[in-house]
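Colleague: Take a look at the following structure, please.
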Amino acid sequence: MPVEAVSSTIPRKVVSSVQRIFVKVGVLPFLLVIAIIIFTTLSDNYLTWRNMLNVSRQSTYLIIVAIGQMIVLLTGGFDLSVGSIIALTSVVSATVMSAVYGANNDAVALAIVLGVLAGLVVGSFVGVLNGAGVALFDVSPFMMTLGMSSVAFGVSLFMTGGVPVYGLPPQYSDIFGFGDLLNVPTPIWVTLGIILISYLRLNWTKTGRYFYAVGGNIKASALSGINTKYILFHVYVLSAALAAIAGLLLTARLETGEANIGASFPLESIAACVIGGVSLRGGVGRIENVVLGAIFIGLVQNGMNLARIESYLQIVVLGILLIVAVIADQLRQRYVAVLHD
Amino acid sequence: MSQRPPQAAMEENIILHCQGISKRFPGVLALDQVDFDLRAGEVHVLFGENGAGKSTLIGVITGAYQPTSGRMLFRGQEIKNQSVHHARSHGISAVFQEFSLVPQLTVGENLALGAERENRWLLDKRAMQNEASAIIQKLAFPLHPNQVVGHLSRAEQQMVEIAKAFRSELSVLILDEPTASLTEKETARLFALIKQVKAEGVGIIYTTHRMAEIKQIADRITVLRDGRVIATVDADAVDENELLRLMTGRVIEQVFPQINYRPQEVVLEVNNLSTRDVDHVSFYVRRGEIVGFAGLVGSGKSSAARACFGAVHPRWGEIRFRGEDVTRSSPKEMLARGAFYLPSDRRSEGLLMQRGARENISLPALDLSMFSRFGFLRRHAESRHTRALAKQLRLQPLDMERPVEFFSGGNQQKVLLARSLTRDFDLFILDEPTIGVDMGARVAIYEFIAQLCEQGAAVLLISSDLPEVLHLANRVYIFHRGRLKAELQDADITEENVLRHFFGGNDGHATAQGAPARPTT
């Protein structure tokens, strides 16, 4: 009996402190450590400066979309149309750019500005429709964004006939796709800017606080004098605008406008949020963790590429990770309740 | 039966006996060595405040919870590892406030739920229908097995819930605040049914907050406080004051503060207001007074007050606040004008349960320059101010970042009340301010309300808790079925006077007035 007691106290201590960390920070740090250990042992090239910078650059698109997704999730909604918004933005901006550039090969700056504006406006307009449906007509976010996803995707296919749009000014890709500043790629700079602005928006402004409030308790928010319809409308437009920015950056990277580039984003952006501890019921979530969640997905995808895991199999792994994260979050909720009595 | 020696009769008739039941939840001892017994054919009232342990005790008896210690005897035999299913098989059935009905299914389907009959592979719908009809007929309920439950009134749904208890042989019937949402007519029906069931030798455990009901139907009363049994008494051996003292551990004078009312100018004036469930009511509230709204649940008292804050849309009538017409203002505008509303349901309408006290307190005040400038939050000022307010209201524990769902009901209410101090309000509309709040916090909240009034604010107090209205208000409006039945002042505010108007019935005046207003339903 005493022998047993001694041998079981040490692991129990370890277990309980692991538990405490788990309750405090969630499942993400554990997943990160596990992923890095696994992939470092599988490939020598994994934990190198070059590869990590590579992962960061690849993750930027997802980070931007996931931040928008998070803001919608905070209010208790979903945005399933982010993928189609990326596609539509890509197609529209590429069409405008190549048209202007084709008409006059000297008007590079004009082509880029007009293309970017057109992409942003059209992409955000999908968000305007989403927001109007959810806020004014009480359509469930699930149905509204699913429907709009089909609409936007259909429009992008219809515009291009499913064929990529070529003929962009090469400077666009040189700057926004492959360019760098102080040895850091442009997309990373853009993403850092978005992270910073979003952080301030969410944590240091009234409107940001209202995102949490509306998701936490919409009735209480209305009785506290918050214009809940405006807030709901606002988040869908924000999410769409962020998806549109990601679409513009992806277009620059691919040097073409394509309708088929967004399909994986709805799932991956929601996964990044959930793995980062955003509550699907709304009202809870931190942007730092969402960024980490998106980077984690990038790390896993990169690791699987280096380990030569087939891409179809990677999709399976991602789905499993998402479910594991949700289960872990449920467990955590239970521990939190015990911890607070 | 009465000729037998009482002691022997008692021993014979005990159906259920709980000995030293304790139940510990993480961090709370919800039940502490509770002894409780139930005889056949009696109504045994469980009486106590919210959080006294009534629900937990019922949970243990129905098998929803396993007791941490203690034992339970059913007809003299110990039952162990009780589950809900197991309890049912002993004929122990409970009817809760929250109905366990599927609204989309019919009465018959609900009655058969979990005990469906099949012939080979298919449902035997006819047999189930016949059984449902038989139960309904036996209980003489005005129901039909084919009615869809979702379309029934709350009272009718409750009948379905009670009928469910009668599906099998019944020996213990538990009714958890069954009259909370019933009209007086429906209540009378329920009481008749209880008599009928009693006569069949069923033991009934009954919880309620209403003294008047206890007088009408109780045989014995067990008073719980803080998870302990304070006393078990015969119903005709105690009076109300004694019960109140047992329940709270205090006499009335220690609970309610003395208030100096100094009514001044009118702050809120309402003329001929009609909403979905209020019908042409007029009232006013002055500075320096506490106006009470009394009435049953669904009498329109809450709806009328919510209309004044813009939370309910008026269909008709005029609302004036400090002399200005505010009839169709939004809550946002009313807040800015200086009206504060405390919702009755703090979980669904008041708090962000997963956020901390700081964010909850500052929420309706983020517009103020104290908390934000050019749309940017002043988070340090916010922390400082909200902490000071929480301290002033004695929030326990004083942890501003702990999610409010982990606070007790009383402390959650303090967080809500702290909002009222974020700016200078002229009108306080307090809707059930002490619902689900323990005695200590309740006394603090009464003190707080008294202070508001004495500092010259206008207070509108809506409460289903009669003593609260009786002791705090200097004027009382009594609502009945969406109409104003009476206005009482100062010395006229007595329990007798209020109750007379509560149930509407006995003076012809009201019915004559009420009849044309509700031609059809």
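Taken together, the values in this text are just the output of simple stated rules run on the coordinates, not laboratory data. Every value quoted in this text rests on a predicted model; they were computed, and no experiment measured them. Please note: Cβ atoms are built from the backbone with ideal geometry, for glycine as well, and neighbour counts cover all protein chains shown.
Colleague: Give me the inter-chain shielding for B:309-318: mean count of other chain Cβ atoms within 10 Å, whole number please.
Modeller: Averaged over the peptide's residues, the number is 1.
Colleague: Using Cα centres only, tell me the gap between the range A:170-192 and the range A:242-315 in whole Å.
Modeller: Answer, in whole Å: 19.
Colleague: Next up: So how do B:121, A:204 line up by other beta-carbon neighbours within 10 Å, fewest first?
Modeller: Listing B:121, A:204 from fewest to most nearby Cβ atoms yields B:121, A:204.
Colleague: Any of B:125/B:198; B:164/B:198; B:54/B:195; B:23/B:215; B:332/B:485 with alpha carbons more than 20 Å apart? Name them for me.
Modeller: Cα-Cα > 20 Å for B:125/B:198; B:54/B:195; B:23/B:215; B:332/B:485; rest within.
Colleague: In addition: Roughly how many debye, to the nearest 20, is the charge dipole of the protein assembly as shown about its Cα centre, given +1 on each Lys and Arg Cβ, -1 on each Asp and Glu Cβ, and no other charges?
Modeller: I would put it at about 1020 debye.
Colleague: Just tell me which aspartates and glutamates come within less than 12 Å, Cα to Cα, of residue A:219; anything on the same chain fewer than 8 places away is out.
Modeller: Cα-Cα hits under 12 Å: B:345, B:349.
Colleague: Per residue of A:50-56, what is the mean number of Cβ atoms on other protein chains within 10 angstrom of that residue's Cβ?
Modeller: The per-residue average across the peptide is 0.
Colleague: Would you mind checking the tilt of helix B:154-165 against the longest principal axis of the Cα atoms of chain B, expressed as 0 to 90 degrees and rounded to 10?
Modeller: The angle comes out near 30 degrees.
Colleague: Which one of B:148, B:334, B:258 is farthest out on the positive end of the charge dipole of the protein assembly as shown, using unit charges on Cβ (Lys, Arg +1; Asp, Glu -1) and the Cα centre as origin?
Modeller: B:334
Colleague: According to the square roots a ≥ b ≥ c of the eigenvalues of the Cα gyration tensor, what is the shape class of the range A:28-339, taking rounded for a/c under 1.5, prolate for a/b larger than b/c otherwise, and oblate for the remainder?
Modeller: Oblate is the answer for the range A:28-339, as a/c is 1.5 or above yet b/c matches or exceeds a/b.
Colleague: Next question. Helix-only estimate, please: 222 nm mean residue ellipticity of chain B, summing -39500 (n - 2.57) across DSSP H runs of length 4 or more and dividing by its residues, to the nearest 500.
Modeller: -10000 deg cm²/dmol
Colleague: I would also like to ask the following. Shielding of B:327-339 by partners, i.e. mean partner chain Cβ atoms within 10 Å per residue?
Modeller: 2
Colleague: Take every DSSP beta bridge whose two residues both sit in chain B, then give the antiparallel share in percent to the nearest 5.
Modeller: Given both bridge residues lie in chain B, the antiparallel proportion sits at roughly 60 percent.
Colleague: Further, regarding this structure: Do you know the relative contact order of chain A, to the nearest whole percent, from alpha carbon pairs under 8 angstrom that are 6+ apart?
Modeller: 32 percent
Colleague: Provide the packing ranking of A:129-137, A:303-311, B:210-218, i.e. peptides ordered by the mean count of other C-beta atoms within 10 Å per residue, highest first.
Modeller: By packing density, highest mean first, the sequence is A:129-137, B:210-218, A:303-311.
Colleague: With +1 on the Cβ of every Lys and Arg and -1 on the Cβ of every Asp and Glu, and nothing else charged, how large is the dipole of chain B about its Cα centre, in debye rounded to the nearest 20?
Modeller: 1300 debye
Colleague: Another question about this same structure. Can you figure out the FRET efficiency of residue A:171 with residue B:370, using R₀ = 51 Å and their beta-carbon distance, to the nearest 0.05?
Modeller: With R0 = 51 Å, the Cβ-Cβ based efficiency is 0.50.
Colleague: Continuing with this model, one more query. Tell me, what is the percent relative contact order of the range A:172-271, built from C-alpha pairs under 8 Å that lie six or more residues apart?
Modeller: Across the range A:172-271, relative contact order equals 35 percent.
Colleague: Further question on the same structure: Dipole magnitude of the range B:346-423 about its Cα centre, charges +1 at Lys/Arg Cβ and -1 at Asp/Glu Cβ only, in debye to the nearest 20?
Modeller: Using Cβ point charges on Lys, Arg, Asp and Glu, the range B:346-423 gives about 240 debye.
Colleague: Within the protein assembly as shown, what percent of beta bridges assigned by DSSP are antiparallel, to the nearest 5?
Modeller: That works out to approximately 60 percent antiparallel.
Colleague: Hey, can you rank B:405-417, A:15-27 by average C-beta count inside 10 Å, highest first?
Modeller: By packing density, highest mean first, the sequence is B:405-417, A:15-27.
Colleague: Continuing with this model, one more query. Could you give me the ³J(HN,Hα) list for the range B:327-338, computed from phi with Karplus coefficients 6.51, -1.76, 1.60 and θ = phi - 60°, whole Hz, x at Gly and Pro?
Modeller: 3, 10, 6, 8, x, 4, 5, 5, 4, 5, 6, x
Colleague: Given the rule -39500 (n - 2.57) for each run of at least 4 DSSP H residues, summed and divided by the residues of chain A, what is its mean residue ellipticity at 222 nm, to the nearest 500 deg cm²/dmol?
Modeller: -25500 deg cm²/dmol
Colleague: Still on this structure, please answer the following. Shape call for the protein assembly as shown from the C-alpha gyration tensor, a ≥ b ≥ c root eigenvalues: rounded (a/c under 1.5), prolate (a/b greater than b/c) or oblate?
Modeller: It is prolate, given that a/c is not under 1.5 and a/b is the larger ratio.
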